[in-house]
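The values are calculated or read from the model by the stated rules, or taken from the named source; none is laboratory data. Remember, it's a predicted structure, so these values are computed and weren't measured experimentally. Heads up, the Cβs are rebuilt from the backbone with ideal geometry, glycines too, and the neighbour counts pull from every protein chain shown.
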Amino acid sequence: MQTNILGTNLEICCTSPMTGFYRDGVCRTSQEDTSMHTVCAILTNKFLEFSKAQGNDLTTPVPQYGFPGLKEGNKWCL
């Protein structure tokens, strides 16, 4: 198990919607994760709008991948 900066085990960030590079709810990483999804954030509308403007639309559902789309207040690994 990976640890946080305090040396303790990582905790679940969110499971509804499921987050994390491995979609296990934990913000853990590996060499396969080129974006380093290691920080659990509570999303704001301002962040979601910024992300969409940068080409990373996190608000639109993608049912074929089981992605419900995110909204303000959701937790997500960044």
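What the table below lists for this structure:
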quantity	calculated
Subset of the stretch 10-64 [in contact with a strand residue (DSSP E or B) (Cβ under 6 Å, 6 or more places away or on another chain) and among the β-branched types (Val, Ile, Thr)]	19, 42
Selection from the stretch 36-58 of residues that are in a loop (DSSP other than H, G, I, E, B) and surrounded by fewer than 15 Cβ atoms within 10 Å (Cβ to Cβ)	36, 39, 44, 54, 55, 56, 57
Scope the stretch 19-59; condition among the hydrophobic types (A, V, I, L, M, F, W, C), on the phi < 0 side of the Ramachandran plot and free of Cβ contacts under 8 Å to residues at least 12 places away in the same chain; matching residues	47, 50, 53
Every residue from the stretch 60-76 that is assigned to a strand (DSSP E or B) and touching a residue at least 24 places away in the same chain (Cβ under 8 Å)	67, 75, 76
Those residues of the stretch 2-17 which are on the phi < 0 side of the Ramachandran plot and either without any contact (Cβ under 8 Å) to a residue 40 or more places away in the chain or basic (Lys, Arg) (or both), in sequence order	2, 3, 4, 5, 6, 8, 9, 10, 11, 12, 15, 16
Residue within the stretch 28-35 that is polar (S, T, N, Q), part of a loop (DSSP other than H, G, I, E, B) and at pLDDT 95 or above present	no
Residues of the stretch 1-15 that turn out to be surrounded by fewer than 13 Cβ atoms within 10 Å (Cβ to Cβ) and under 11 Å from the mean Cα position of the chain (by Cα), as a count	0
Residues of the stretch 1-27 classified as part of a loop (DSSP other than H, G, I, E, B) and under 17 Å from residue 74 (Cβ atoms), total	14
